[in-house]
Amino acid sequence: MRWFALISFILGVILVGSVGCSRSEPPPTPDAETSRSADLPSQTTVVATGAGLPQVVAGINAGALNAAGISATVITRDDIPDAVAALERDVADLLIAPIGRLADVVSVNDSESTSASASPTTQPEASNLDETLANLDPALSAQDLTLLAPAQAIDGLVFAVTQARSDSEDLRSLSDLANFSQEQMVQLGAGPGCDSRPSCLPTLVDGYAVEIAGVTEAKADKVPALVGDRRVTVGQVQSTDPDIDGLRLAVLQDDRIVSAPQNLVPLISDSVNVPEVADVINQVQEAITTEDLRDFTAALERGNDPYQVADSWVTTRLSS
């Protein structure tokens, strides 16, 4: 009996173990690394178009890539033409720049192949954002470069009045300013060369028929104060100038889309343009705002390091 009981116990253990091993288990969750594209670049180089704010923007994109596990570094070139050349020579992989200024560079480079006398001022200006993007595509494709989705953030020259004047006179757009000028001619404040610069006086006079009493010229960084002190009616200011917020200025909408767009847009080499990289860059472009650019400029003016400013933004705005 004892032997029979022992044998029965052993057989029972074996049977239970066999049933347990035969159960269907759910498939393991794919490892994040193994599910990535096989073409994921080992290194992505982001190029900044100068010191200061461009370094912050480049640092943000590199930081976002690094946070996503995609190795990225930043290099700096003197300006947008040098940065575009770095992409064309495969020295860099990614550039974020205002679309209008990028269009000038690409347009000139494309024209120089057939005309040595080409210059930015002689190129036809496409002011609509979609039109500008479409016009750039052929020239960029030939260089194995691609434009990703533009940001709402703008880095360019805009026209502004005081918030108080905007509210009291119902000035929201340049068309509103044109209507206002029929009753009261406006004094314009701007940097040197406004009379001949297409984006300055010609935009107001030819594009909107604004009645101008005169132009008060000053250094570009002094123009917001001219507006804030009401020494001029309207001023052409840099959209990233923190004085727009500090002096409570209101930016007027270019409602007829006369000026070239200056939205930040990523230009990426096709060699690194895989979904994992593009998704991160598009996430940054969707999140960054013109107000952020003003905050960055203010932080730089306080002596903060550009890459520390970038790291702080990535940590606070892209963490999830």
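Summary of values
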| quantity | calculated |
| --- | --- |
| Inter-label distance, nm, simple model (7 Å from Cα along the C-beta direction), THR316/THR73 | 2.9 nm |
| Neighbourhood net charge (13 Å Cβ-Cβ; Lys/Arg +1, Asp/Glu -1) for ALA225 | +1 |
| For the range 211-226 and the range 138-165, distance of Cα centres in Å | 24 Å |
| At most 14 other Cβ within 10 Å, DSSP loop - GluC sites (Glu not before Pro), the range 175-240 | GLU183 |
| The range 40-98 and the range 297-313: distance between their alpha carbon centers, rounded to Å | 17 Å |
| Calculated FRET value between ASP229 and ASP39, using beta carbons and R₀ = 51 Å, to 0.05 | 0.35 |
| Footprinting exposure proxy for SER259, SER312, SER168 (fewest neighbouring C-beta atoms within 10 Å first) | SER168, SER312, SER259 |
| Estimated inter-spin distance, VAL251 and GLU131, nm [label 7 Å along Cα→Cβ] | 2.1 nm |
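Here, each number is a calculation from the coordinates, and none is a lab measurement. Keep in mind it's a predicted model, so treat the numbers as computed, not measured. Note that we place each Cβ from the backbone using ideal geometry, even for glycine, and neighbour counts take in every protein chain shown.
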